[in-house]
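Only one structure is covered here, and it is reproduced in the block below.
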Amino acid sequence: MTYVKPKFAHPGLPKNKLGYTRKDYEGSISTLCAGCGHDSISAAIVEACYQLDIEPHKVAKLSGIGCSSKTPAYFLNQSHGFNSVHGRMPSIATGANLANKDLIYLGVSGDGDTASIGLGQFCHVIRRNLNMTYIVMNNGCYGLTKGQDSATADLGSVAKAGNMNIYESIDLCGLAIELGAGFVAQSFSGDKTQLIPLIKAALKHEGFAFINVLSPCVTFNNNAGSTKSYDYIREHNETLPGIDFIPIKNEITTEYAPDEIKQVLLHDDSKINLHKINARWNEKDKLQAINGLQESRLKNEILTGLLFLDDSSTPLHKMIKISDSSLNKLPQDVLCPGNDILATVNESYR
């Protein structure tokens, strides 16, 4: 197995208006489990940036810790990148954005990174309306640490070990709408016909844009109680070294029409109901978005599509009236006007 992508490309590959091919927006070969929904999201990001004619070097991609936060290595190789500590991606994005607001900021996070370790940061970056696109790859578990329930695991859901989640889940979309996000959407990693346009719209939105993408974890959907399960073999293995084995499974994809409820079978034979928002949905009605999320939850459905849009919201750099020029482009004497100016300012407060 190779981990190096060939540099050869067919000269006849289609190009966008800037002369870039899709290959120019790709990254390294993924080391995630075969069939992981996160790879579908990475592919959707590549396609969205290609279609939008975005110059790769004008994108800053940021992440935290987790399976999802590895994915920036798998797209936009020619962009700026920063892998922060757990749950702290929003702070890094805020600082970078204030220093250079001319870049396109794309944050990638997981349900654990966002809904637990970084929940405070997530809340504050929303209410500050930072100009960025924030994508959560939501699989409801900590896939990098053996599949424990995350804070987005639904009440009553059963983990691979057979234990039932006894805690209420955190609805990230509902939280984002409540805290004032101007763009809130939800999708499924296997539905690229819906996900790509949502990512394109989010990248073009001025202000905070949030997309919660349901992305099943293929590794930890094995049947609880099976004597052939990875957990069972690991717990009863006394002599062999602790080598893990990840099975190759097919990626789950689906397509369905607006207003249709689609039931999708997962690898562990469990099912999820997806409900694509119908054409009558008013995405600018905040109460409708909140009520729609609650109603779909009561019906065990997952509402997907653009849930809420406020295109009149004011992004952070305009709210705090930062310089029209990015701070990294200002000369030293403007950034630091000197002691005389500082003394004048201090005197004005006495």
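Numbers below:
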read-out	value
Residue-count net charge about residue 215 - beta-carbon cut-off 10 Å; Lys, Arg +1, Asp, Glu -1	-2
Placed amide H near residue 107: partners under 5 Å, 5+ positions off or other chain	62, 133, 134, 135
Heavy atoms of residue 88 accessible to a 1.4 Å probe, total area in Å² rounded to 10	100 Å²
Built amide H within the under 5 Å cut-off of residue 188, gap 5+	214
Antiparallel %, DSSP beta bridges [both residues in the range 75-164], to 5	40 percent
Sequence of 7, 23, 160, 58 from largest to smallest accessible area, 1.4 Å probe	7, 58, 23, 160
Positive-end residue, the range 28-99 charge dipole about Cα centroid, Cβ charges, pick of 32, 80, 98	98
Of all accessible heavy-atom area on the range 1-90, the percent that carbon and sulfur account for (1.4 Å)	59 percent
For the range 19-140: lysine pairs under 18 Å (alpha-carbon distance), excluding those fewer than 8 apart on one chain	5
Separation of alpha-carbon centers, the range 166-213 and the range 120-150, rounded to whole Å	11 Å
Amide H within-cut-off set for residue 77, under 5 Å, with H built and near neighbours excluded	26, 27
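The values are calculated or read from the model by the stated rules, or taken from the named source; none is laboratory data. Keep in mind it's a predicted model, so treat the numbers as computed, not measured. Quick reminder, even Gly has a Cβ in these numbers, built from the backbone with ideal geometry, and neighbours come from all protein chains shown. Ligands, DNA and RNA are stripped out before the accessible areas are found, and what is left, the full protein with its side chains, is counted by its heavy atoms. Shrake-Rupley method; radii C 1.70, N 1.55, O 1.52, S 1.80 Å.
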